[in-house]
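Here is the structure we will look at.
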């Protein structure tokens, strides 16, 4: 069976969110949360617009997904995010007990995977989906800032 | 000079926030953020009420303080919180570049101090202020749940 709903499909949706952040002059990171091939939450980085360091794409998606589900645990959900989550987002994802995290580009400076035990032990983590495009978008953003 | 504005004074205020959480049947953690002896933000855990794992006392205080200051960095601020921050909150506090963190009770299970480099390198961290009272409040809460 050929299904359009694979990791690339949903990462493309997260990437579109990242592009929205870029247009707003925000560090271009985007995320979607998916249950049974359905997107239940979307978010993009809004730290500048909201003047709030906690307004990462993942944090907003976690809050929105819990709101949608009517419960704070995201045990059957998958997060697609264009950049490896930071420590804050990893901690939030841990509390949410999310089932799976798929990220695009690796974050060499602030990525949380360097810390053992920060993500939830039962969360499956997959990296590198659309990594090059996600990374390019970030690089272009920071180049435009110089 | 005798000043009423010492760490105990502000931790008492954070403790009052924790008591508010307790009354709402939330894990009793409270926080205040202070600049030049003035409380600019208060928060208490609301994860159950809001159905949102990100609604920790610290996260809400960070957002409220940034809103008050009109900027996302909390470089001249001190956070008082009744419990050692978790990884999520430590990550958020790192992004905020907060000047100082004073916590009450140690969190043996979820405290972030076990991880090297999770807090911001320039953030001063002091623990153990009103530790016993903060810890008692938590213990009473979990005892009442059994």
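Values quoted throughout were computed directly from the atomic coordinates according to the rules given, and no laboratory measurement underlies them. As the structure is a computational prediction, the values presented were derived from the model and not from experiment. No Cβ is skipped: glycine too gets one built from the backbone with ideal geometry, and neighbour counts run over all protein chains shown.
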### Query
To the nearest 10 degrees, how steeply does helix A:87-96 sit against the main Cα axis of chain A, on a 0 to 90 scale?
20
### Query
To the nearest 10 degrees, how steeply does helix B:57-69 sit against the main Cα axis of chain B, on a 0 to 90 scale?
30
#### Entry: Distance between the stretch B:10-81 and the stretch B:96-146 - C-alpha centres, whole angstrom
13
### Query
When the Kirkwood hydrodynamic radius is evaluated over all pairs of different C-alpha atoms of the stretch B:73-146, what value in angstrom, to one decimal, is obtained?
12.7
### Message
Rounded to the nearest angstrom and ordered from largest down, what semi-axes does the equivalent ellipsoid of chain A get from its C-alpha gyration tensor (root of 5λ)?
### Response
22, 17, 15
#### Entry: Per-selection metrics, the protein assembly as shown (Cα): Rg and Dmax in Å
19.2, 78
### Query
So what's the angle, to the nearest 10 degrees on a 0 to 90 scale, between helix B:7-23 and the longest Cα principal axis of chain B?
40
### Summary
Taking every residue of A:111-118, the Cβ atoms of other protein chains inside 10 Å of its Cβ average out to 3
#### Entry: 10 Å Cβ neighbours from other chains, averaged over peptide A:82-93
6
## Note on the structure
In a Gaussian network model of chain A with springs linking alpha carbons closer than 10 Å, the residue among A:17, A:26, A:136 that fluctuates most is A:136
### Query
Using a Förster distance of 30 Å, how high is the FRET efficiency between residue B:114 and residue B:140, based on the Cβ-Cβ distance and rounded to 0.05?
0.75
### Additional length obtainable on full extension of the chain from residue B:75 to residue B:124, 0.36 nm per residue less Cα span
16.5 nm
### Average beta carbon contacts from partner chains per residue of B:62-73, 10 Å cutoff
3
### Message
I want to check the label-to-label distance for residue A:50 and residue B:106. Put each point 7 Å from Cα in the C-beta direction and report it in nm to one decimal.
### Response
3.4
